[in-house]
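Step one of this worksheet: look at the structure below.
The values are calculated or read from the model by the stated rules, or taken from the named source; none is laboratory data. Here the structure is a predicted model, which means the values were calculated and not measured. Backbone-built Cβ (ideal geometry, glycine too); neighbour counts: all protein chains shown.
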Amino acid sequence: MATDLNQIEESLWKTADQMWANTGLSPSGYAAPVLGLIFLRYAEKRFVETELRLQSEIPKNNHHPIDKAFFQQYGVTYLSENARYEKLLTLPEDQNLGKALDEAMSAIEADNHELQGVLSRSRSYQAIPKQVLTEMLRLLKPLEIDGDAFGHIYEYFMGNFALRTMQRGGEFYTPSCLVRLIVEVIEPYHGRILDPACGSGGMFVHSANFVKAHRKDPVRDISIFGVEKVAETLNMAKLNLAIHGLSGDILEANTYYQDPHRSLGYFDFVMANPPFNQSGVDRELIKTDARFNLGAPTTDNANYLWIQLFANTLNENGRAGFVMANSASDARGSELEIRKKLIERGIVDVMIATSSNMFYTVTLPCTLWFFDKAKVNPARNNTVLFIDARHIFRQVDRAHRDFTDDQLEFLANIVRLYRGKAVETVAGSDAQLHATFPNGQYQDVSGLCKIATVAEIEAQGWSLNPGRYVGVTARAADAFDFSERLEELNEELEVLNAEARELEDKIAGNIAELLG
C-alpha cells in the first residue's frame, strides 16, 4: 500500500503542478484552493460511506429524515446537496464552476461549526480558470483510498507547496521526519497536547498516528490545543485535523503576548517548531508574564523565550519536544543563565543534533530539545542524554535529506534504552540496534551518544551541544559541504555579534553611570 500511495501522491502532484502553470496564481494562492479540493473529495467519501451505513441501520418505518445531526454524531462532515463532489463534477457546462465551489465551501462551513471561516477565507475558486478546476475535480475523483491515505496526500501536497513558497513555507510546515522523531521520544499516549506555534498542525497529526500505532484511540485519548498567529495557516491546520478525522481547539493569537489556553503548568505534552532567532519581541508586554519567569534574554532573540515557555506550560509530569536553532545550545550571556537554571532543575532530558538540509527552507542543521518533568528512573535525575545524529540521514535529492523509518526508529530506541524501556523494531531497526548495543542495554557510543552528568555539563560551560559530549565518528572524505559550513559559520557570527552588542550596551551604561 505504501508504494502505491507514493505513486499516487507523485502522480497527483505532478498533474496539479502542471495545471498551476495555467492559473497565473502564486504558489500560496494556488495551494489553499487545491488543499480545499482534496478535503472536499475526502469529505464526500466519508459522507457517502456514512450515509449508506445510516440507511442500513435506521429502521425503514422511522419517518425522521437523515439530517446533519446523524452524520455529526459519527464525526463526519455534513455535505448539503450543493456541496457534493459528484454534483460539482457534473455541473452543466454553462454554469460558473468557480462560483459553485465558493458557495459549496460556504455551505459546508454553515453546516459544520468547527469549519467556520476555514474553507472560504483566503480561497476564491473564481480566480482559477474553469478548465483547471474541472481537471482538478476529475483528477481527484477516481481516488478510492481510506481516510489515512487522504491525510498522507494532504501532507504530501503541503510539503510540496512549502518547497514552492520556500522561506514562507517554513512558517507552516515542519518536515514529517522531525515531527515523527519528536513524537516517538515524548510518547504522547494520552493527555493534553499543546503546540503554541502550530503551523499546519503536523505535530497533532503525528501524535494521533503514534497513538493509533499503539492500539489506542486518539479521539478518546488525546486532547489537542494549538495557537497560530497567521489566519491562513490556522485554516490549513484545521483542515489537516479534519482530513485526519481529528478535532481540536486551535486559536488565532500571538503566543508571545497572548495565552488563550491559560497554559501555565497545564499540559501533559508540548511540541513545537517555533521561529528561530526571532527579533523584535516587545519586552514591556511580557515582563509580568509567568510563562517567562526565568527572565527575558538581554539579546534581541526570542529563542529562550520559547524555551522557557515550553518548560513552564508543562504540568508536574509533562514532557516537551521542540525544534531549535543550533546556536541556542551554546548561547552565552543571559541565555546561558536561563539554560543553566533549566539544567539544574533536572528537566532537560535528551538533546539530538540533526543533519543539515532537513528543512525545505534552510540548509542549517537544528537541534531537537526534550524536557521531562517526571524522570521516573532516579538514575536519570542528574543526567542528560546527548545524541549526535548529524551523520544519520537519507539523501532525498541534492538539497534535501530525511530519516528512513528504520533510522528514525533506531534513534528513538536509543532514548528508550536510556530510559530503561523496551525497544520497538517494527520498522526494521533491529539489526542496527544489535550491532550498536549488542547486550541490548544502553552504552555510550563514540560519535553517536553519551549520557552526561550535570557536573560534566557544568564543566563544558553549561553547553547543550551534543557534539561537545559524544566525540567524533569517522566521516567520508567528501562529506564536507562548503555552503552548509558557511551558513553554520554565519549563524555563529550572528550570535557573537548579538553578544557584542549586549556588551556594548553594558559598557555604555556603566560609563554613563560613572560620569553621573
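Go through (1) within 30 Å of Ala399 (Cβ to Cβ); (2) at pLDDT 75 or above and name the single condition Leu163 misses.
Checking Leu163 against (1) within 30 Å of Ala399 (Cβ to Cβ); (2) at pLDDT 75 or above, the one that fails is (2).
Which residue pairs have Cβ atoms closer than 8 Å, lie 6 or more positions apart in sequence or on different chains, and pair a first residue in segment 69-84 that is on the phi < 0 side of the Ramachandran plot and of a type in the set (Phe, Trp, Tyr) with a second residue that is in a loop (DSSP other than H, G, I, E, B) and surrounded by 16 or more Cβ atoms within 10 Å (Cβ to Cβ)?
Between residues of segment 69-84 that are on the phi < 0 side of the Ramachandran plot and of a type in the set (Phe, Trp, Tyr) and residues that are in a loop (DSSP other than H, G, I, E, B) and surrounded by 16 or more Cβ atoms within 10 Å (Cβ to Cβ), the close pairs are Phe71/Thr77; Phe71/Tyr78; Tyr78/Asn112.
Report, by residue number, each residue of segment 437-459 that is in contact with a Phe, Trp or Tyr (Cβ under 8 Å, 6 or more places away or on another chain) and part of a loop (DSSP other than H, G, I, E, B).
Tyr442, Gln443 - these are the residues of segment 437-459 that are in contact with a Phe, Trp or Tyr (Cβ under 8 Å, 6 or more places away or on another chain) and part of a loop (DSSP other than H, G, I, E, B).
Give me the residue from segment 264-302 that is among the polar types (S, T, N, Q) and crowded, with 21+ Cβ neighbours inside 10 Å and, out of that set, farthest from Lys340 (Cα to Cα).
Looking at the filtered set, the residue picked out is Asn273.
Residues checked against (1) surrounded by fewer than 19 Cβ atoms within 10 Å (Cβ to Cβ); (2) polar (S, T, N, Q):
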{"position": "Asp67", "(1), (2)": "yes, no"}
{"position": "Ser80", "(1), (2)": "yes, yes"}
{"position": "Arg84", "(1), (2)": "yes, no"}
{"position": "Thr90", "(1), (2)": "yes, yes"}
{"position": "Gln95", "(1), (2)": "yes, yes"}
{"position": "Leu101", "(1), (2)": "no, no"}
{"position": "Ile108", "(1), (2)": "no, no"}
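Check every one of the helices (runs of 4 or more DSSP H) wholly within segment 42-135 and list those with 1 or more residues that are at pLDDT 90 or above. Quick ask: steps written out before the conclusion?
Working: elements: 68-72, 85-89, 97-111.
Because the criterion is at least 1 residues that are at pLDDT 90 or above, the helices (runs of 4 or more DSSP H) in segment 42-135 that meet it are 85-89, 97-111.
Step by step: first the residues of segment 170-191, then only those that are modelled with pLDDT under 75 and closer than 17 Å to Leu239 by Cα, then the one that is nearest to the chain's Cα centre (by Cα). Which residue is that?
Kept after step one, since they are modelled with pLDDT under 75, are these residues of segment 170-191: 170-173.
Subset that is closer than 17 Å to Leu239 by Cα: 171-173.
Values: Glu171: 10, Phe172: 8, Tyr173: 7 Å.
Checking each candidate, the answer is Tyr173.
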